[in-house]
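I have placed the structure first, in the form of structure tokens, so that the comments after it can refer back to it.
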Amino acid sequence: MTLPLVDTHCHLGHHAELSVAAQLERARAAGLVLLVDVGTDVGSSAAAVAVAATEPDVVAAVGIHPNDAAAATPEALAEIDRLAGADGVVAVGEIGLDRYRDRTAPAVQEAAFRAQLAIADRHDRTVMIHCRDAWDDCVRILEDEGWAGRRVVLHCYSGDPATTARTVANGWFHSFAGNVTFTNAAALREVAALVPTGLLLTETDAPFLTPHPHRGTPNDPSYVALTLARLAEVRGEDPAALAAAVLANARRALPGAGA
């Protein structure tokens, strides 16, 4: 039986080997019923909006990635603001903070983050958060800007148990990617077991973070089935029941995504 699957975070235009059409064909054959094509800058955000306009099972997120925050000029932010109001857009993202890579100064990242949170607020869009090695600051900024209890998707979630207690208390959605299947990811799997089923999402971050046993090759949305299966195993849940819950969660987290 093919389960109804969801990929809440992929980059269809970034795949070096497969066209968007080929990725969607593989995804649908694997049972995907909803994909979110996510922008990381103005160009990829516009491309995601264009895909969402022609593919009924694809919606878009638009934003400027924290590693590219230096490009978040007033003109670029104005374009993200315009795109955020387009049909088929369900989120502003991926936005946030990244302390793992030091390509962009923390103050520049924070300014771009806060500006895009304001854009999401204006358009009543969910925010899709990239956070790496910056959880205390990221959660603080979200709370400062009034996002506790609102629609927040924590992309490729990697917080520790203490952070998870805080993010769960805020009612935010936790999206797990292919790295939850990695051999060295025992701590991440322990955290995945802590998240309430009603706040759990699945993603690929394709073409990145290819799950086991396909590591070393480009990821694509069809591989989200492997992430769901590993999550079900870790949590002691039936895969079919978990797939149904994730789909319902995605529709709550991302209004306008799917029937």
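The values are calculated or read from the model by the stated rules, or taken from the named source; none is laboratory data. This is a predicted model, so every value here is computed, not measured. Every residue, glycine among them, receives a Cβ derived from its backbone with ideal geometry; neighbour counts consider all protein chains shown. Note: accessible area is taken over every heavy atom of the protein model, side chains too, but ligands, DNA and RNA are not part of it. Shrake-Rupley method; radii C 1.70, N 1.55, O 1.52, S 1.80 Å.
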Where the centre of each part is set by its Cα atoms, how far does segment 3-46 sit from segment 92-129, in angstrom? 22 Å
Would you mind computing, in nm to one decimal, how far apart the modelled labels at A21 and A70 are, each placed 7 Å from Cα along Cα→Cβ? 3.8 nm
Carbon and sulfur %, accessible surface of segment 215-259 computed with the full protein complex present, 1.4 Å: 57 percent
A29 to R101: FRET efficiency via 1/(1 + (r/R0)^6), r the Cβ-Cβ distance, R0 45 Å, to the nearest 0.05? 0.80
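Ordered by packing density, taken as the mean number of other Cβ atoms within 10 Å over each peptide's residues, highest first, how do 10-19, 181-190, 199-208, 74-83 rank?
Values: 10-19: 17.8, 181-190: 14.5, 199-208: 24.7, 74-83: 16.2.
With the highest mean Cβ count within 10 Å placed first, the list reads 199-208, 10-19, 74-83, 181-190.
Can you tell me, using C-alpha contacts under 8 Å and at least 6 residues apart, the relative contact order of segment 1-45 as a whole percent?
53 percent
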So, for the Cα atoms of segment 1-150, Rg and Dmax in Å stand at 15.5, 49
Surrounding net charge for R82, when Lys and Arg each add one and Asp and Glu each subtract one, Cβ distance under 15 Å: -3
All-pairs Cα distance distribution in segment 147-245, expressed in whole percent, bin size 10 Å: 17, 50, 30, 4
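From the helices alone, meaning DSSP H stretches of at least four residues, give me the mean residue ellipticity at 222 nm for the chain, per-run term -39500 (n - 2.57), in deg cm²/dmol to the nearest 500.
Theoretical 222 nm ellipticity from helices: -12500 deg cm²/dmol.
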Gain in span if fully extended, A193 to R215, counting 0.36 nm per residue against the direct Cα distance: 5.6 nm
Using the Cα centre as the reference, give the magnitude of the dipole from point charges on the C-beta atoms of segment 106-218 (Lys, Arg: +1; Asp, Glu: -1; all else neutral), rounded to the nearest 20 debye. 260 debye
Rank by packing, highest mean first: peptides 164-170, 90-96, with packing defined as the count of other Cβ atoms within 10 Å averaged across residues. 90-96, 164-170
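What is the local net charge at V49, summed over the other residues whose Cβ is closer than 9 Å to its Cβ (Lys, Arg +1; Asp, Glu -1)?
-2
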Where labels lie 7 Å past Cα in the beta-carbon direction, separation of N184 and D57 in nm: 3.5 nm
Hey, any idea what Rg/Rh is for segment 175-223, computing Rh the Kirkwood way over Cα pairs? 0.99
Rounded to whole Hz and in sequence order, give me ³J(HN,Hα) for segment 181-197 from the Karplus expression 6.51 cos²θ - 1.76 cosθ + 1.60, θ = phi - 60°, writing x for Gly and Pro. 8, 5, 4, 8, 9, 4, 5, 5, 5, 4, 5, 4, 6, 8, 6, x, 4
Projected-area average for segment 1-81 over all orientations - Cα convex hull basis, square nanometres: 5.7 nm²
In units of 2.2 N^0.38 Å, what is the alpha-carbon radius of gyration of the chain? 0.91
Taking N as the residue count of segment 152-206, its alpha carbon Rg divided by 2.2 N^0.38 Å gives 1.02
